[in-house]
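Participant: Sharing a structure below in structure tokens format, with a few things to ask.
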Amino acid sequence: METIWFIFVALMIAMYVLLDGFDLGAGAIHLFAARDDRERRTIIRAIGPVWDGNEVWLIAGGGTLFFAFPVLYASSFSGFYLPLIIVLWLLMLRGLSVELRGHINDPMWASFWDAVFFVGSSLLAVFFGAALGNVVRGVPLGEDGYFFQPLWTDFNPFSRTPGILDPYTILIGLLALATLIVHGANFIAIKTEGDLNARSRMISRRFAYATVALTALATAATFWVSPWMLKAFNERPYGYVLPLIAIGGLVGMILFNLRDDGRAAFLSSGAYIVGMLTSTVFGVYPKVLPAVDPANSLTIYNASASQYGMAVGLVWWSVGMVLAAVYFIVIYRLFRGKVSLEDEGY
Amino acid sequence: MGRQPWLAYGLFRTSEGVSPLVSSGSVLFTLIGFAGMYLIMGLLYIVLIVREVVHGPESEQETLESTEGLTA
């Protein structure tokens, strides 16, 4: 039962990165892919109907975490207090910039919100990557299951008292940024035509090469910082299929970009993201939050809710997921195809 | 539900629910940050609403022209 909920939470987080990932990426590239106000409005209109719905997966993932692994939720939300609040501020500013940009027709006003949108989107990508880096590296959990991490300490990933930011977690943050830029550029390429489409494809191609290099670096660094990650794969070799999906996605996103098959390129960057995330959680399982001192790690067994609660939750979670799936299929069908500023707004 | 000093009435006290390792300095920092952000949001809201009111509704003629512009 614990394993089922571990998989559910992992799937919801993967879903969040997959969906909100492309609109974060779109925000990170929109200053460079779009040259004038028309093109910037086109990008915002491409993600307009879906970005806020995508973000709900983060909230739903957090809610499921609270429900299934309350000890983990309590420990990580107080331990990551500062970065979580910063993430919240960035999410607010990013949402505000999308909503407020069009209210005053003035170049200064629009550029200001464009800049906020860019900074918010890019930093969110880096912070989410760094958060994943923190989990893999381990956090300074005490015997009571609590910890508190400052934003930085001595920048040593092997330290007994690590901070949120160190060379390893920043590396993972940059990998996340490069990945989401590719994913976002692929999405914008599908949704647009002409110059904007060509520039998005170029950005996607360049950052795909950066992603390949950073993936190699990050994989090596991961096994150096957390050698125990390999154990899971050696004990259960079928897990190797997950990194293979990631590699397939990596090859696909370059290949389909060169062949000008936007849809397949987008699916490839999606496969890469899912492959990387599932490989990571497969390596971490059955832990949910590794500690610097291994004896204090939170696992699915010492962090989960009661058996009765998890069994009842299974029913309601399934009903909720069916509703969410239907909603997402409907909204993406309604807004499929290229966006154009001539059509009436949503 | 909750009523000070209870988080869950009769079951769970606020003092038992507070995060033990989050310092009051951190909380003050984020409180000021949130207050500042909501203050700016509130001011922006007032500015935008006042602009709309001063601008007034579009006349029927303007509305017609702008819809024609959309379909053209």
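No value in this document is a laboratory result; all are computed from the given coordinates. In this text, all values refer to a predicted model and were calculated from it rather than measured experimentally. All Cβ positions, even for glycine, are placed from backbone atoms using ideal geometry, and neighbour counts span all protein chains on display.
Participant: Can you tell me what the convex hull of the Cα atoms of the protein assembly as shown projects to on average, as an area in nm²?
Facilitator: About 23.6 nm², averaged over all directions.
Participant: May I ask you to list the trypsin sites (Lys or Arg not before Pro) in segment A:2-57 that are in a DSSP loop and have at most 14 other Cβ atoms within 10 Å of their Cβ?
Facilitator: Answer by residue number: A:35.
Participant: Amide H to amide H, which residues 5 or more places from residue A:156 or on other chains are under 5 Å from it, using H placed in the peptide plane?
Facilitator: A:163
Participant: Let me ask something additional. Among A:115, A:250, A:46, which residue has its Cα furthest toward the positive end of the charge dipole of chain A, with +1 on Lys/Arg Cβ and -1 on Asp/Glu Cβ?
Facilitator: Comparing the listed Cα positions along the dipole, A:250 ranks first.
Participant: Across the Cα atoms of segment A:153-223, what radius of gyration and what greatest pairwise Cα-Cα distance (Dmax) are found, in Å?
Facilitator: Reported Rg and Dmax, both Å: 15.9, 53.
Participant: In the P(r) worked out for segment A:296-346, what percent of Cα pairs fall beyond 18 Å?
Facilitator: It works out to 61 percent of all Cα pairs.
Participant: Step through the residues of segment A:139-154 one at a time and calculate ³J(HN,Hα) from phi using the Karplus curve (6.51 cos²θ - 1.76 cosθ + 1.60, θ = phi - 60°), rounding each to whole Hz and writing x for Gly and Pro.
Facilitator: 10, x, 5, x, 5, 7, x, 10, 7, 9, 10, x, 4, 8, 10, 9
Participant: Among A:180, A:208, A:125, which residue has its Cα positioned farthest towards the positive end of the charge dipole of segment A:117-210, with +1 placed on the Cβ of Lys and Arg, -1 on the Cβ of Asp and Glu, and the dipole taken about the Cα centre?
Facilitator: It is A:208.
Participant: Something else about it: Separation of segment A:184-236 and segment A:56-90 by C-alpha centroid, Å?
Facilitator: Cα centres, segment A:184-236 to segment A:56-90: 25 Å.
Participant: Quick query: amide H of residue A:291 versus all other amide H atoms, modeled in the peptide plane; which residues come in under 5 Å with a sequence gap of 5 or more or a different chain?
Facilitator: For residue A:291, the qualifying residues are A:139, A:297, A:298.
Participant: Anyone know which of A:159, A:121, A:279 comes out most mobile in the 10 Å Cα GNM of chain A?
Facilitator: Judging by the Gaussian network model, the answer is A:159.
Participant: Given the -39500 (n - 2.57) contribution per DSSP H run of 4+ residues, what per-residue ellipticity at 222 nm results for chain A, rounded to the nearest 500 deg cm²/dmol?
Facilitator: Here the helix-only value at 222 nm equals -25500 deg cm²/dmol.
Participant: By count of other Cβ within 10 Å, fewest leading, how are A:191, A:338, A:231 ordered?
Facilitator: Exposure proxy ranking, most exposed first: A:231, A:338, A:191.
Participant: In square nanometres, what is one fourth of the surface area of the convex hull spanned by the alpha carbons of segment A:33-130? Walk me through the intermediate numbers first.
Facilitator: Numbers: hull surface 28.3 nm².
That works out to 7.1 nm², a quarter of the Cα hull's surface.
Participant: Counting other C-beta atoms within 10 Å, which of A:17, A:139 has the fewest, and how do the rest follow?
Facilitator: Arranged by neighbour count, lowest to highest, A:17, A:139 become A:139, A:17.
Participant: Give a residue-ordered list of calculated ³J(HN,Hα) values for segment A:321-331 (Karplus: 6.51 cos²θ - 1.76 cosθ + 1.60, θ = phi - 60°; whole Hz; x for Gly, Pro).
Facilitator: Taking θ as phi minus 60°, the curve returns 5, 4, 4, 4, 4, 4, 4, 5, 5, 4, 5 Hz for segment A:321-331.
Participant: From the phi of every residue in segment A:43-60, what ³J(HN,Hα) in whole Hz does the Karplus formula 6.51 cos²θ - 1.76 cosθ + 1.60 yield, where θ is phi - 60° and glycine or proline is x?
Facilitator: 4, 5, 5, 5, 9, x, x, 10, 4, 6, x, 4, 5, 5, 4, 5, 5, 5
Participant: Let me ask something else about it. Under a 5 Å amide H to amide H cut-off, with H placed in plane at 1.01 Å, what residues pair with residue B:7 once short-range neighbours are removed?
Facilitator: It is B:12, B:13, B:14, by chain and number.
Participant: Next question, about the same structure. Got a sec? How would B:30, A:192 order by Cβ neighbour count within 10 Å, fewest to most? Write out the running numbers ahead of the final one.
Facilitator: Working: B:30 18, A:192 24.
By the 10 Å Cβ count, ascending, the order reads B:30, A:192.
Participant: Give the angle, between 0 and 90 degrees and rounded to the nearest 10, that separates the Cα long axis of helix A:262-284 from the longest principal axis of the Cα atoms of chain A.
Facilitator: That helix lies at roughly 10 degrees to the long axis.
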